[in-house]
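What follows is a short report on a single structure.
Quick note: the coordinates plus some simple rules give every number you see, no bench work behind them. Please read all numbers here as calculations on a predicted model, not as lab measurements. As a convention, Cβ positions derive from the backbone with ideal geometry for all residues, glycine included, and neighbour counts pool all protein chains shown.
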Amino acid sequence: MSSAMTASTPQAAAEILDRIIDASSGLVLLDGADPLSLIAQFRAVSRSTGQAMYLWQPDTGLGSLRDVHVRVPDCQRLGNALRYMQQSIHFGIYFLVGLELPLSAMDATLLRQLARMPREHLRRVVLIDAPAALADHLGELAVRLNSADNSPRHLRLRDGRWLA
């Protein structure tokens, strides 16, 4: 098993997910991630919890993480997917992987609007390993998180052993 896979356990993904949900902005920049293994872990969390999570990629568009074959219609292009995220009335976490610069002015505007959405809407857009220029452009509108868990672990006793 690779070290990237051992570092990204379902529990670690659930902890990252909690930090995403608790973010003060609707837009989260997730750095330091191995996107493939992290998405696989989020998929496992989505399947076990029923959490509404979606993944947008340039080649596949927007689809459900829980149900791999379920695609959101007309959301292949980034602008359409961002408009869908903005207009959705349901709770959801939307992961965007593979964003390439330059973004159109409309796409950049939609990202800024999603970042400013009221906290009670509980909609999060997560850019995984976003280009540095985009992160700089968004500035304080987005919350930056690192996939490496820097917080102290909550230890628990199981079968006479302390587990993180």
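General remarks:
- Only Lys, Arg (+1) and Asp, Glu (-1) charged, at Cβ; the stretch 3-135 dipole about Cα centre in debye: 360 debye
- Placed amide H near Tyr54: partners under 5 Å, 5+ positions off or other chain: Leu65, Ile93, Tyr94, Phe95
- Between Ala40 and His137, full extension at 0.36 nm per residue minus the direct alpha carbon distance yields a gain of 32.0 nm.
- Using θ = phi - 60° in the Karplus curve 6.51 cos²θ - 1.76 cosθ + 1.60, the 3J(HN,Hα) couplings for the stretch 105-114 round to 4, 5, 5, 5, 5, 4, 4, 5, 5, 5 Hz; x is entered for Gly and Pro.
- Nearest-ten-degree value, helix 78-87 long axis tilted from longest Cα axis of the chain: 80 degrees
- Hydrodynamic analysis of the chain uses the Kirkwood radius over alpha carbon pairs. Inserted into Stokes-Einstein at 37 °C and 0.692 mPa s, it gives a translational diffusion coefficient of 200 µm²/s.
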